[in-house]
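Following: one structure in structure tokens, then a few remarks.
The values are calculated or read from the model by the stated rules, or taken from the named source; none is laboratory data. Computed from a predicted model, the values in this text were never measured in an experiment. When we count neighbours, we look across all protein chains shown, and the Cβ atoms used for this are built from the backbone with ideal geometry, even at glycine.
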Amino acid sequence: MPYPFEYAVVNKSDERLFKEKLPHISSSIPELFRTMSIAYRSIEQRNIYGKYGGLRRDNGFETALNLLWVAMLNDKVIGIDADITTYIDTLRALCLKWYKFGNSLDACLFFGYYFYLFNSQSRFIIRDQIKDLKFLIDNANQTTQDPSILAFISPSYSSAWYQTDDGIGDKLSNIFIKSGDLSKVGLPLPGYQITFGQTYQYDLRAPHFISAEQIEKPIIQDNKVIITCPKCKQRCRGTKFEHIEMTCPKCSQKWAQHI
Ligand SMILES: [Zn+2]
């Protein structure tokens with residue numbers, strides 16, 4: 001089964017602009033991809049031989065990650081005080097973009113393994129590494145306002161999610177996370193951590209966390225369903241189908257969701 005983000009359209013002019021606007025990232029990210037794809041193969045080998053060999057720690061992954069963090073500061077896509085969630089999510093957007101330019105799928109799968117499946121461990125490691133690096137760099141808290149750069153790191157998901165018996169979906173994209181791939185958390189914010197812990201079908205378009213207040217459970221009465229417009233929050237009524245397409249009567253926003 002292909003990964004949900006696998007068949008992406010390669011846009012050559014996008015790639016040129018990326019390299020021109022983000023020169024530091026463009027020169028650091030190939031090394032990160034190289035180490036991630038080796039690391040992914042070492043996980044696969046573990047699976048072949050059926051025993052846990054652990055991750056190779058000698059392949060330079062952590063160094064490459066540190067260098068990319070510095071490159072992200074230099075290209076001003078994050079500031080030095082960016083919180084860990086913003087940093088990992090921006091890194092995710094950059095890796096997804098880089099993949100779309102025709103780079104390694106294995107590298108992205110390792111990203112999924114490291115940052116979704118082992119989310120809490122990886123956050124802990126990253127937080128530690130950044131703490132060590134931070135004092136080496138000063139005056140890097142300014143972020144870019146360039147719209148073409150902001151477009152590269154804009155989220156691939158919305159903040160309007162719906163819940164079904166099978167999982168949680170994004171009203172404004174076709175991202176859908178199965179229940180087994182989610183882990184419910186109460187602190188610091190109630191919601192769901194996306195781990196892909198059951199299917200391992202990593203989707204790099206998805207966030208790592210969806211807060212409970214962004215998720216709507218549709219109200220179903222008789223054969224009708226009441227759901228909220230993802231744009232203007234108008235409550236909309238429709239006929240209940242397994243898959244429905246709605247147009248908001250107030251703002252004309254269209255969206256589709258499963259019930
Ligand atoms: Zn609306």
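From 187, 182, grab the single residue that is modelled with pLDDT of 95 or more and not acidic (Asp, Glu). Before the answer, list the steps.
Details: 187 fails: modelled with pLDDT of 95 or more.
Residue meeting the stated conditions: 182.
Go through segment 153-167 residue by residue and tally those that are within 19 Å of residue 236 (Cα to Cα) and over 14 Å from the mean Cα position of the chain (by Cα). Break it down stepwise before answering.
Initial filter on segment 153-167 (within 19 Å of residue 236 (Cα to Cα)): 158-164.
Still in the list and also over 14 Å from the mean Cα position of the chain (by Cα): 160-164.
Qualifying residue count for the region: 5.
Taking the conditions exactly as written (of a type in the set (Val, Ile, Thr), away from the ligand (no atom under 16 Å from the Cβ) and farther than 26 Å from residue 3 by Cα), does residue 199 satisfy them or not? Steps first, please.
Values: of a type in the set (Val, Ile, Thr): yes; away from the ligand (no atom under 16 Å from the Cβ): yes; farther than 26 Å from residue 3 by Cα: no.
In short, no.
Return the residue satisfying two criteria in turn: it lies in segment 219-233 and is more than 8 Å from the ligand (Cβ to nearest atom) and buried (at least 17 other Cβ atoms within 10 Å of the Cβ), and of such residues it is farthest from residue 248 (Cα to Cα). First the steps, then the outcome.
If we filter segment 219-233 for residues that are more than 8 Å from the ligand (Cβ to nearest atom), which is where we start, we get 219-228.
Within this subset, residues satisfying the condition of being buried (at least 17 other Cβ atoms within 10 Å of the Cβ) are 225, 227-228.
On the way: 225: 14, 227: 10, 228: 9 Å.
Across segment 219-233, the extreme among qualifying residues is 225.
Search segment 155-171 for residues that are of a type in the set (Lys, Arg) and pair each with any residue that is in a loop (DSSP other than H, G, I, E, B) when their beta-carbon atoms are under 7 Å apart and the residues are at least 6 apart or on different chains.
Qualifying pairs under 7 Å: 171/158; 171/160; 171/230.
Only one of (1) surrounded by 12 or more Cβ atoms within 10 Å (Cβ to Cβ); (2) more than 16 Å from the ligand (Cβ to nearest atom) is not met by residue 171, so which one is it?
(2)
For segment 234-252, give me each residue that is within 16 Å of the ligand (Cβ to nearest atom), farther than 20 Å from residue 166 by Cβ and not basic (Lys, Arg).
234, 236, 247, 248, 249, 251, 252
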